[in-house]
């Protein structure tokens, strides 16, 4: 569905079909952009290994590299074609003494708790190329004045269902009466059925450390 069709469907679901509208097109577009981002975040709908920010040039002596703000989480990390294993700071602290000072060819990666950076271990002693497979947010927001194809980036089968979040935002951000609150809750529930629960920050941090091998030195 393109933006025009999405707005039209929103107006049907929100009973906002006649001008003057309760929510103008600009506001509805903003809600739809929030909806796409929310769906992509909850259900990890956008998996990417080809965007420029998924390739990082590794420098000898540098262990930590920033991640693009669109990245929600790391799925796979390779260095010069060799896959690295996920671990965490806590696991390294338990399994290694003075691990941060170790150097060599990296075998492991640590995703920052807030998803802002990736750390290689051991600290690399040679240059290389880090290739990421990531889950990310949409790159380009929907825009009313865009002339080319103007559709959400998530798969078309999700377009209609993401409108539920736009309806939820619309009714929850008004000076809501009981009926508005009910309609917002209903739309929220439908969206959750489609894309899952929103995870809080603590659960997201735990997810980033979901693969936690015991790291033991063998030298």
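The values are calculated or read from the model by the stated rules, or taken from the named source; none is laboratory data. These figures come from a predicted structure and were not determined experimentally. Don't worry about glycine lacking a Cβ; one is built from the backbone with ideal geometry, like all the others, and counts go over all protein chains shown.
Here are a few things to note about the model shown:
Residues checked against (1) loosely packed, with under 15 Cβ neighbours inside 10 Å; (2) on the phi < 0 side of the Ramachandran plot; (3) not in a loop (DSSP other than H, G, I, E, B):
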{"site": "20", "(1), (2), (3)": "yes, yes, no"}
{"site": "23", "(1), (2), (3)": "no, yes, no"}
{"site": "29", "(1), (2), (3)": "no, yes, yes"}
{"site": "32", "(1), (2), (3)": "no, yes, yes"}
{"site": "38", "(1), (2), (3)": "no, yes, yes"}
{"site": "45", "(1), (2), (3)": "no, yes, no"}
{"site": "56", "(1), (2), (3)": "no, yes, yes"}
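- Residues located in the stretch 79-91, provided they are under 24 Å from the mean Cα position of the chain (by Cα), part of a strand (DSSP E or B) and without any contact (Cβ under 8 Å) to a residue 60 or more places away in the chain: 79, 83
- From the list 129, 118, 167, 203, the one residue that fits, being loosely packed, with under 15 Cβ neighbours inside 10 Å and modelled with pLDDT of 95 or more, is 129.
- Residue match in the stretch 14-22 (condition: in contact (Cβ under 8 Å) with a residue 40 or more places away in the chain and out of contact with any helix residue (DSSP H, G or I) (no Cβ under 9 Å at 6 or more places or on another chain)): no
- Test set (1) over 24 Å from the mean Cα position of the chain (by Cα); (2) assigned to a loop (DSSP other than H, G, I, E, B); (3) in contact (Cβ under 8 Å) with a residue 12 or more places away in the chain - residue 9 fails condition number: (2)
Conditions tested, residue by residue: (1) in contact (Cβ under 8 Å) with a residue 40 or more places away in the chain; (2) assigned to a loop (DSSP other than H, G, I, E, B); (3) touching a strand residue (DSSP E or B) at 6+ places or on another chain (Cβ under 7 Å).
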residue	(1), (2), (3)
73	yes, no, yes
77	yes, no, yes
93	no, no, no
97	no, yes, no
100	no, no, no
110	no, no, yes
118	yes, no, yes
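- Taking each residue of the stretch 187-207 that is more than 14 Å from residue 45 (Cα to Cα) and looking for partners that are modelled with pLDDT under 95 with beta-carbon atoms closer than 7 Å, six or more apart or interchain, yields 205/113.
- Residue 144 meets all of the listed conditions (1) surrounded by 19 or more Cβ atoms within 10 Å (Cβ to Cβ); (2) more than 22 Å from the chain's Cα centre (by Cα); (3) under 21 Å from residue 34 (Cβ atoms) but one, namely (1).
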